[in-house]
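The values are calculated or read from the model by the stated rules, or taken from the named source; none is laboratory data. Given the structure is predicted, the values throughout are model-derived calculations rather than measurements. With ideal geometry, Cβ positions are generated from the backbone for all residues, glycine too; neighbour counts draw on all protein chains shown.
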Amino acid sequence: MAATHNDWRRGSFMIDILLGYAALFAWSFLAATVLPLSSEAALAALVHVQQQIALPVLIATLGNYLGACTTYWLAAQAAKKLDQRQEPRKGQERAARLLRRYGPPVLLLSWVPLLGDALVALAGALSMPFKLFSLWVILGKSARYLAIAWLAAAL
């Protein structure tokens, strides 16, 4: 049976969708590191094109969470190599104050540019239990992405 023109178009469309989700995942992952990237536009675009919220939010949250886990792990490894718990540097003072004052729930702010990266790194360097870290980071990042997706769908 020969493939029709519509079969080829449908296959091409599926590849475009998969590439869109892969790009969203990668962009969200990188945005959770110290790279100065933002994943909101990629999420909004995919929500607009796909006319759905759940899967784009899930993919963006997963990518961003795994990026944060990478930062957490790198900071934990660096702290072990230094074999000491140093006081935060000047640029990390605000994050350290927030972490000391509010504890793990402050990781709800892990999505905030710069501050969130510092909070995640400090959580790793201070050996915050990973399950606790994961709970608060996933809650914060998914709530942010859900709000962005709802806005994108409404526009």
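Looking only at the stretch 19-36, how many residues end up being hydroxyl-bearing (Ser, Thr, Tyr) and within 15 Å of residue 110 (Cβ to Cβ)?
So the count comes out to 2.
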Legend entry - Test: residue 131 is part of a helix (DSSP H, G or I) and surrounded by 19 or more Cβ atoms within 10 Å (Cβ to Cβ): no
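What are the residues in the stretch 143-155 that are within 14 Å of residue 40 (Cβ to Cβ) and either in a helix (DSSP H, G or I) or among the hydroxyl-bearing types (Ser, Thr, Tyr) (or both), if any?
143, 144, 145, 146, 147, 148, 149, 150, 151, 152, 153
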Legend entry - Residue list for the stretch 44-55, restricted to those being within 13 Å of residue 143 (Cα to Cα) and either part of a helix (DSSP H, G or I) or among the basic types (Lys, Arg) (or both): 54
Legend entry - Matching entry among 148, 59 (being at pLDDT 95 or above, surrounded by 14 or more Cβ atoms within 10 Å (Cβ to Cβ) and in contact with an Asp or Glu (Cβ under 6 Å, 6 or more places away or on another chain)): 148
Inset, instruction - List every residue pair whose Cβ atoms lie under 9 Å apart, where the two residues are 6 or more positions apart in sequence or sit on different chains, the first residue falls within the stretch 104-116 and is closer than 17 Å to residue 128 by Cα, and the second residue, located anywhere, is outside any helix (DSSP H, G or I) and at pLDDT 90 or above. - result: 104/128; 104/129; 107/128; 110/32; 116/32; 116/110
Legend entry - Candidate set from the stretch 71-123 (those that are of a type outside the set (A, V, I, L, M) and at positive phi); member that is modelled with the highest pLDDT: 103
Inset, instruction - Would you mind stating whether residue 137 is within 29 Å of residue 52 (Cα to Cα), touching a residue at least 24 places away in the same chain (Cβ under 8 Å) and in a helix (DSSP H, G or I)? - result: yes
Inset, instruction - Answer yes or no as to whether residue 67 is in a helix (DSSP H, G or I), within 20 Å of residue 115 (Cβ to Cβ) and modelled with pLDDT under 95. - result: no
Legend entry - Pairs where the first residue, in the stretch 56-80, is farther than 15 Å from residue 35 by Cα and without any contact (Cβ under 8 Å) to a residue 12 or more places away in the chain and the second is among the aliphatic types (A, V, I, L, M) and in a helix (DSSP H, G or I), C-beta under 8 Å, 6+ apart: none
